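Enquirer: Next up is a structure, given as structure tokens.
The values are calculated or read from the model by the stated rules, or taken from the named source; none is laboratory data. Because the structure is a prediction, the values reported are computed rather than measured. Every residue, glycine as well, gets a Cβ built from its backbone with ideal geometry; the counts of neighbours run over all protein chains shown.
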Amino acid sequence: MRAMLIRPADGEATLELDEITPPSTGVGQVRLAVRAVSVNRADLLIRAGTHVAAGSADGPVIAGQDAAGEVLEVGPEVESISSGDRVMAMVSGGLAEEIVFPAAMAIPIPPTWSYAEGAAAVVGLMTEHNAMATAGRMTRGETVLIHAAAAGVGTQAIQVARHLGAGKIFGTSRSPRRAELLAKLGLDELIVTSEQNFVDRVLEATDGAGADVIVDHVGGPYLSANIQVAALKGRLVGVGRLGGAEGTLDMEELARKRIELIGVTFRTRSLAEKAAVVATLREAVDLVGAADALRPIIDRSFEWTRALEAQTELSRNEHVGKFVLEIGG
């Protein structure tokens with residue numbers, strides 16, 4: 001079968017389509033005919049050498065951090081998934097014609113979603129629900145601030161916040177492009193950072209109270225401002241570092257407001273911890289009933305052999321929503 005492999009090259013690694021041995025299905029696993037895979041920021045970091053791809057010691061390193069498709073086979077002790085089911089999953093090495101992964105990571109794709117939508121949604125849903133509901137402990141009516149609101153995970157964060165019953169949802173972006181689309185997703189106000197100070201605007205709009213939950217995909221450059229804009233007993237959840245990893249932290253203000261600073265990533269979670277996130281999401285969110293409200297935004301779809309081109313486009317940061325790679329079948 002064919003797979004998109006990460007190959008070393010001068011400087012940054014590249015991607016090559018190659019033939020590999022098809023995977024076999026083990027205990028507790030499912031074998032999937034992959035129909036779509038999304039392009040994630042982690043894909044760029046793995047090629048750049050700043051992140052390590054899971055499973056790299058076991059053979060060729062296959063690109064892709066998620067997959068959506070049709071279950072071809074289930075291994076022993078799998079009861080919740082059957083052959084023929086349409087599922088999506090956060091996986092390592094999803095960009096192949098077939099993959100094998102633990103059944104505990106599988107999430108049924110809502111009947112009204114395409115495979116491309118399943119691939120576009122799964123990482124964002126798991127990340128943003130975990131960031132807001134679990135790490136940020138967001139409760140109904142609280143004010144939420146989402147940085148990089150137009151990014152793939154940012155658009156999903158807006159939808160999750162609205163689904164969880166947030167009071168007012170603010171989002172930041174460097175450009176007003178697609179402001180109308182973000183409003184339709186549930187964003188109350190887009191703050192264009194090149195035109196306005198988000199601290200001043202959020203404090204003004206909340207009568208000085210600030211944001212109860214801040215979901216930050218930008219990172220270091222916003223740390224100081226996030227402490228200023230956080231509400232008393234606010235929760236600052238660090239998800240991404242689009243702008244860099246280091247910033248200035250005012251420890252006095254952190255203590256005065258009793259702010260919680262929480263990091264969210266899947267890189268250091270065990271399979272059991274990742275499966276627990278999946279179980280929480282499946283239990284807490286009726287994806288069938290909320291399919292329209294949580295339907296992901298797809299900026300562009302590419303044929304999967306154009307994966308390198310899609311990653312290059314992602315690095316330009318001009319998209320709104322997700323890029324998806326589709327595998328024929």
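Enquirer: With the condition kept exactly as written, say whether any residue in region 58-70 is part of a helix (DSSP H, G or I) and on the phi < 0 side of the Ramachandran plot.
Expert: Scanning region 58-70, I find at least one residue that is part of a helix (DSSP H, G or I) and on the phi < 0 side of the Ramachandran plot, so the answer is yes.
Enquirer: I'd like to check which strands (runs of 3 or more DSSP E) are fully inside region 220-329 and have at least 1 residues that are farther than 19 Å from ALA131 by Cβ, touching a residue at least 24 places away in the same chain (Cβ under 8 Å) and among the basic types (Lys, Arg).
Expert: Here the list reads 298-303.
Enquirer: Scanning for something surrounded by 12 or more Cβ atoms within 10 Å (Cβ to Cβ) and under 16 Å from the mean Cα position of the chain (by Cα), does region 251-261 turn up at least one residue?
Expert: No, region 251-261 contains no residue that is surrounded by 12 or more Cβ atoms within 10 Å (Cβ to Cβ) and under 16 Å from the mean Cα position of the chain (by Cα).
Enquirer: OK, next. Go through region 236-280 and count every residue that is in contact with a Gly (Cβ under 9 Å, 6 or more places away or on another chain) and closer than 24 Å to GLN196 by Cβ.
Expert: Qualifying residue count for the region: 13.
Enquirer: Continuing with this model, one more query. Could you list, in sequence order, the residues of region 104-138 that are farther than 19 Å from GLY289 by Cα and assigned to a loop (DSSP other than H, G, I, E, B)?
Expert: Within region 104-138, GLY136, ARG137, MET138 qualify.
Enquirer: Can you say whether LEU294 is among the aliphatic types (A, V, I, L, M), closer than 22 Å to MET1 by Cβ and at pLDDT 95 or above, as far as the supplied structure shows?
Expert: Criteria not met by LEU294.
Enquirer: Can I ask one more? Only one of (1) surrounded by 15 or more Cβ atoms within 10 Å (Cβ to Cβ); (2) modelled with pLDDT under 95 fails for ALA275. Which number is that?
Expert: So ALA275 meets the others, but not (2).
Enquirer: Just a yes or no: is a residue in region 21-29 more than 26 Å from GLY152 (Cα to Cα) and not in a loop (DSSP other than H, G, I, E, B)?
Expert: Yes: one or more hits.
Enquirer: Quick check on this structure: which one of VAL100, VAL91 is in contact (Cβ under 8 Å) with a residue 12 or more places away in the chain, in the same structural domain as LEU72 (by TED's automatic domain parsing) and within 15 Å of the chain's Cα centre (by Cα)?
Expert: VAL91
Enquirer: Name the residues in region 186-217 that are surrounded by 24 or more Cβ atoms within 10 Å (Cβ to Cβ) and touching a residue at least 60 places away in the same chain (Cβ under 8 Å), would you?
Expert: ALA211, ASP212, VAL213, ILE214, VAL215, ASP216, HIS217
Enquirer: Further question: When you check VAL100 against the structure, is it crowded, with 21+ Cβ neighbours inside 10 Å, farther than 23 Å from THR172 by Cβ, in contact with a Pro (Cβ under 9 Å, 6 or more places away or on another chain) and β-branched (Val, Ile, Thr), yes or no?
Expert: no
Enquirer: Please return the ranges of helices (runs of 4 or more DSSP H) entirely within region 139-217 where 2 or more residues are over 23 Å from ASN40 (Cα atoms) and in contact with a strand residue (DSSP E or B) (Cβ under 8 Å, 6 or more places away or on another chain).
Expert: 198-205
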